[in-house]
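Working notes for the structure below.
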Amino acid sequence: MKLKIISVILLFLIAPLVIAEIDGETTRAVVTTNIESDSGVNIDADINVAVGEAINEEILREVRVMQESSTGVDLRIRQLQRAALNAELTGLRVIRTLMDRDADTAQTHRLRAIYSEIILIKEEVFALNPNSENIVEEYIAVRRDLSNAIAEFRSIAGPLLNENEKQTIRDEVRERPEIAEINAQVVARIRETNAQRVEIALGRIDKSTPVLYQAIRNGEMTASEARQRVLDEYNRSSEEERRIASARIVQENRTRISTEQELSRRVAEEYISIQRTRIENRIERLSEDEREVILENRRTVLDRLQRVEEQLSQNRESVREIVNRDTQTIIDSRTTTSTQIRTDADIRTTNRGVEADVSTTTRAEVDSNILPDVTRER
Amino acid sequence: MKKIITIILALAIFSFLLGCVAEDQVDDLPIIIDDTIPPVDDTPDIVDEVVDTDDDIVIEEELEETIIDEDDDIDVGEMF
């Protein structure tokens, strides 16, 4: 009887403790999640936005050609020059149109301030040095600033102009000789880039057709004709040659993705580190009136960058982890083609025992690395 | 017998109160978040899948991106 009583007592004593502990674990897990969110959400979101401003899928696709050759660098710089020039000419015409019809002066005042900033950004675009070691990063930073200033201008100017006025301004700017001149420069570089790319593409199947390259350079064939010519050459090649070419493409894409990952992280970190100073330095060059307008527009961005900078100085590693995670997300969201090619490369590497080296960064290095592997397979 | 029932009831109430106190203490425990543990990668291991590599598809996709159209441009947005 005594034993029974003691057993019941013990049961009553232990059971609540077990129940309390289980319940406590649940509570603790929930609290942990909340605290992670509460303490991390602001800075995490700040870094997230900053990384998104610095690099995205569209920019990565855009700078791909810059990483291939000096012609590619020159091409993107000329295109950015054209965009900046176009923004300057259009901005001036918009402000004149609004002043001529005595439009809202407060809005016109704001547009004039943004227009002044666009002129400063244009100067920075034209000062870009294609031979700079960090030209890709510099290009991305100034391109982002131009894009932001244009978006601010558009948000005010768009509703103030009617469709006829917009079309007139577009036509006038398009016919400006400065724009026509830079258009010709851009087209010349696109043709040169295409000629170089076709040479590399045909080199993968050990073919060389200098007449074709020259025809592309001279603009004697359209892009689709050139594309078809290359495809025809591939179709005429043997199955073995196409297999080797495919292996080379896969390897090159692996290298490119690896390079893009590095670039993304570098750009994101650099953007966070110097963007506030860049904006503030530029604002300093504006008149007092204009400075007030631009500072008001940029207050949120500057405050956010300052918060991230402070976190960066206090806990660089944590910030870097978030930057890495965010840039990885951007890389992972790239086109399915890249992903598929990467997948194929992995499969090929596993199946054939080819030791892939993704640390190389140039086409020449890619070719010299893949060739011995492919030759061995033969 | 009455005594035993009384004791059991008393112990039950005592245990209940003890449980409540214990739960509160668990709530107040300092929370340590171990962020050194990497997140679990639950993506399927694609390398292990058996997939036929189609060289022609790889080539075709690459050639599609090789030639840049002459009206290609960067997109920084419109002024209005």
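We did not get these values from a lab; they are worked out from the coordinates using the rules stated. Since we're looking at a predicted model, the values are computed, not measured. A quick note on method: Cβ atoms are made from the backbone with ideal geometry, for glycine too, and the neighbour counts reach across all protein chains shown.
Summary table below
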quantity: Label point distance in nm, residue B:78-residue A:231, each placed 7 Å from Cα along Cα→Cβ; calculated: 3.2
quantity: Karplus 3J(HN,Hα) series, Hz, for the stretch A:79-90 with 6.51 cos²θ - 1.76 cosθ + 1.60 (x for Gly, Pro); calculated: 5, 5, 4, 4, 5, 5, 5, 4, 5, 5, 5, 5
quantity: In the stretch A:156-249, GluC sites (Glu not before Pro) in a DSSP loop with at most 16 other beta-carbon atoms within 10 Å; calculated: A:175, A:220
quantity: Proximal charge balance of residue A:76 [Cβ under 14 Å; K/R count +1, D/E count -1]; calculated: -3
quantity: Nitroxide proxy distance, nm - points 7 Å out along Cα→Cβ at residue A:134 and residue A:185; calculated: 2.4
quantity: Vicinal HN-Hα couplings computed from phi for the stretch A:179-196 (Karplus, 6.51 cos²θ - 1.76 cosθ + 1.60; Hz; Gly/Pro x); calculated: 5, 4, 5, 6, 4, 4, 5, 5, 4, 4, 6, 5, 5, 4, 4, 4, 4, 5
quantity: Cβ-based net charge around residue A:191, under 10 Å, with every Lys or Arg adding one and every Asp or Glu removing one; calculated: -1
quantity: Average partner coverage of A:240-249, which counts Cβ from other chains inside 10 Å; calculated: 4
quantity: Cβ-based exposure ranking for A:110, A:217, in which fewest neighbours within 10 Å come first; calculated: A:217, A:110
quantity: Peptide B:11-19, shielding by other chains (average Cβ, 10 Å cutoff); calculated: 5
quantity: Rounded FRET efficiency, nearest 0.05, which uses the C-beta distance separating residue A:224 from residue A:301 and R0 of 41 Å; calculated: 0.45
quantity: Between the stretch A:166-203 and the stretch A:48-80, the alpha-carbon center distance in angstrom; calculated: 17
quantity: Peptide A:220-231 - average C-beta neighbours from other chains (10 Å radius); calculated: 3
